[in-house]
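Below you'll find the structure, written out as structure tokens, and then a few comments.
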Amino acid sequence: MKKLIDYLVLPNVVSAFEASYLARLNRIGFVFFALHLPLFVGLAYFNDTGPLAAAVLTAFVLAGPLLALKVLANPRSVSLVYGFTAMIMGGLLVHFGQGPVQIEMHFYFFALLAMLAVFGNPLAIVVAAVTVALHHLLRKLGATASDGGEAVIDSGFSQSTHARHFLSDRVEFFRERFDCMFGHA
């Protein structure tokens, strides 16, 4: 277990280059998330899924990364908040984008997971994957509470298996990129 934790958790030392890189990237990341607000409102308007709700919920979600950007001293910690935020934004997109291409909107999650690689922090990917896995598990719990819970067990096993495969494939890739980018071994 220690070996896994050592693999996922980056060294405590943040180089000057990494700090500068992440400070710039964290600002760009926030602008990226902020641009979701008008897009989601427009999408909700054209899909008749509640533009006011889209504005309120997206603004509420934006409060997390804004607070992280302003308050958190460690720039790596901001990437963890961005991992969570990315998956919540994906959920909002799927909700407000209901219609004939709703299934395709799920690919947004994969694009965001790939974009999280630029932070070079494996835990950002873990936070994102756990966010989605917990969301699906909680939805399944709510949907199957009345049927005795048998589907909940299947869902939990399925979600944990999916998350394990997903993480094992991606975390190693991202950790190798971090080591190359920032010189940690």
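Bear in mind these aren't lab numbers, they're just calculated from the coordinates by the rules spelled out. Owing to the predicted nature of the structure, the values given are computational and were not obtained by experimental measurement. We place every Cβ from the backbone using ideal geometry, glycine too, and count neighbours over all the protein chains shown.
Output the residues belonging to the stretch 1-60 that are assigned to a loop (DSSP other than H, G, I, E, B) and within 20 Å of the chain's Cα centre (by Cα).
Val9, Leu10, Leu35
Considering only the stretch 38-65, how many residues are buried (at least 16 other Cβ atoms within 10 Å of the Cβ) and in contact (Cβ under 8 Å) with a residue 24 or more places away in the chain?
11
I'm trying to understand the selection: among the residues of the stretch 91-126, which are not hydrophobic (A, V, I, L, M, F, W, C) and not in a loop (DSSP other than H, G, I, E, B)?
Correct list: Gly91, His95, Gln102, Glu104, Tyr108, Pro122.
Looking at the stretch 100-136 only, could you name the residues that are more than 15 Å from Leu39 (Cβ to Cβ), touching a helix residue (DSSP H, G or I) at 6+ places or on another chain (Cβ under 9 Å) and not aliphatic (A, V, I, L, M)?
Gln102, His106, Phe109, Phe119, Gly120, Asn121, Pro122, Thr131, His135, His136
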